[in-house]
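Just below is one structure, and these are the notes that go with it.
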Amino acid sequence: MSNPLRRDEVARSLQAVRERIARATASAGRDPAEITLIVVTKFFPADDVRLLHDLGVRDFGENRHQEASVKYPPLRAEGRELCLHFIGQLQSNKAAAVAGYADVVQTVDRARLVSALARGAEHRGRPLDCLVQIDLDLPDPSASGRGGIPLEEAAALATQVAEHDQLRLRGVMAVAPLGADPEAAFRTLGGAARRIRADHPEADWVSAGMSGDLEAAIAQGATHVRVGTAILGSRPTVR
Ligand SMILES: *Cc1c(COP(=O)(O)O)cnc(C)c1O
């Protein structure tokens, strides 16, 4: 069904990313089994998800509700076991719907989302895994816009998530700031993750690192990397 050329191309780049992860864990003295590779499939068709799934990928990331909500339910209906991570900025009025089909919401960055996600999880009858997204941008409002709660407020939001029976606090997530040293930003994230873990030992996921900076993230303790371009190629730049 899928194009064999596309399959070869994706298989090769997936292997290259797995090798990058192996090298990065080796130089950090970590075990590659500690790292979950999430392939970000936004803008790419369901057939690409199918061939990645056939190649053994089980964790996928999407950042737009409209796209994810039509792409993924049919894949599950085919009987494919997978874990879908929602990694985009989320409007409160879409949160309950996202909780209907996502397994993890990585972008919890304000209290209003917490209650909306809890309602959605209750409706679907299964707890929802959540990560608190932390804003690592320097305090420059013009530089931000990628979401995330300020570092100082992250622990309080984590506690709010943990207080809901329908939500499971799993850890933290961040995107490295543009034009800054990603490793320094990921070190800051690691510190925040440790502080949250002190109160919530089950919250041991650190989602950090993308195509360009996954090595820096792994060096600083990431457990989940979110990789799109390096595996599927470049996306259209217009949105
Ligand atoms: C698109 C996206 C990624 C993947 O980025 P690449 O540079 O293509 O690997 C990772 N995280 C988030 C939050 C994204 O929106």
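Just a few scattered comments:
- Test for Ala208: is it touching a His at 6+ places or on another chain (Cβ under 8 Å) and either surrounded by fewer than 23 Cβ atoms within 10 Å (Cβ to Cβ) or closer than 29 Å to Val17 by Cβ (or both): yes
- Selection status of Asp54, more than 13 Å from the chain's Cα centre (by Cα), of a type in the set (Asp, Glu) and open to solvent by less than 50 Å² (accessible area, probe 1.4 Å): no
- Selection status of Arg50, more than 16 Å from the ligand (Cβ to nearest atom) and either touching a Phe, Trp or Tyr at 6+ places or on another chain (Cβ under 9 Å) or not in a helix (DSSP H, G or I) (or both): no
- Residues that are more than 14 Å from Ala230 (Cβ to Cβ) and of a type in the set (Lys, Arg) were ranked within the stretch 1-16; the one that is surrounded by the fewest Cβ atoms within 10 Å (Cβ to Cβ) is Arg6.
- Meets criteria (surrounded by fewer than 18 Cβ atoms within 10 Å (Cβ to Cβ), touching a residue at least 24 places away in the same chain (Cβ under 8 Å) and either within 16 Å of the ligand (Cβ to nearest atom) or not in a loop (DSSP other than H, G, I, E, B) (or both)) for Glu19: no
- In the stretch 219-231, the qualifying residues are those that are among the aliphatic types (A, V, I, L, M) and in contact with a strand residue (DSSP E or B) (Cβ under 7 Å, 6 or more places away or on another chain), and the one that is farthest from the ligand (Cβ to nearest atom) is Ala222.
- Any hit, the stretch 100-115, residues being assigned to a loop (DSSP other than H, G, I, E, B), small (Gly, Ala, Ser), within 16 Å of the ligand (Cβ to nearest atom) and touching a residue at least 12 places away in the same chain (Cβ under 8 Å): yes
- Taking the numbered list (1) in contact with a helix residue (DSSP H, G or I) (Cβ under 7 Å, 6 or more places away or on another chain); (2) at pLDDT below 95; (3) at positive phi in turn, Gly171 passes all entries but (2).
- Of all residues in the stretch 22-47, those that are outside any helix (DSSP H, G or I), among the hydrophobic types (A, V, I, L, M, F, W, C), within 25 Å of Pro74 (Cβ to Cβ) and open to solvent by less than 50 Å² (accessible area, probe 1.4 Å) total 5.
- Of the residues Ala184, Ala192, Ala203, Ala198, the single one that is in contact (Cβ under 8 Å) with a residue 12 or more places away in the chain and part of a helix (DSSP H, G or I) is Ala192.
The values are calculated or read from the model by the stated rules, or taken from the named source; none is laboratory data. These numbers were taken from a predicted model, which means no experiment stands behind them. For neighbour counting, all protein chains shown are included, and Cβ atoms are generated from backbone atoms with ideal geometry for every residue, glycine included. Note: accessible area is taken over every heavy atom of the protein model, side chains too, but ligands, DNA and RNA are not part of it. Shrake-Rupley method; radii C 1.70, N 1.55, O 1.52, S 1.80 Å.
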